[in-house]
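The structure appears right after this line, and notes come after that.
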Amino acid sequence: MRSAYAFRKPVLNAYLVRQRDRRRHRELLQVLAVVLTLGGCLLGYVRLHVELLKTGYRVQELEGRLHEAARRERFLMLDVKYLERPELVERRATEELGMQLPDPERMLFEREVR
């Protein structure tokens, strides 16, 4: 059996026009502005932090290169000091270059030339 409440009458809403709620629209814009502002601040902070990290890594790399250059300079200075020893220079000059000590009779001094 059917009762009187079992039938539904179709509702025609085609002619209804919904008004815009200006207050709700304004609140939505305010929330959107706050979210965008906070998001922009957050992105700015992240960018600064990333740049700080990149700069820190670059400084660390340059300090490492500086320490390596200083170590190499110390090594080269020791090498120069070793190679500048007079007995080593004299030995290399006689053995490798075939140089000889000058003959004292063939030497001219400045006082004698004038």
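Only the coordinates and a few stated rules stand behind these numbers; no lab work does. None of these values were measured; they are calculated from a predicted model. Using ideal geometry, Cβ is built from the backbone for each residue, glycine included, and neighbour counts are taken over all protein chains shown.
Brief remarks on what is shown
- Angle between the chain longest axis and helix 86-95 axis [Cα atoms, degrees, rounded to 10]: 70
- Charge dipole (the chain, unit charges on Cβ, about Cα centre) - positive-most of Pro104, Leu52, Leu28: Leu28
- Take the Cβ atoms of Val59 and Leu28, set R0 to 41 Å, and the FRET efficiency comes out at 0.30.
- Cα-based Kirkwood hydrodynamic radius, the stretch 16-100, one decimal, Å: 20.3
- Mean residue ellipticity at 222 nm, helices only, the chain: -23500 deg cm²/dmol; runs of at least 4 DSSP H residues each add -39,500 (n - 2.57), and the sum is divided by the number of residues.
- Calculated from backbone phi, Karplus (6.51, -1.76, 1.60) coupling profile of the stretch 64-77 in Hz, x at Gly/Pro: x, 5, 5, 5, 5, 5, 5, 5, 5, 4, 4, 4, 5, 5
- Placing dummy labels 7 Å off each Cα toward the beta-carbon, the span from Val17 to Val50 is 4.9 nm.
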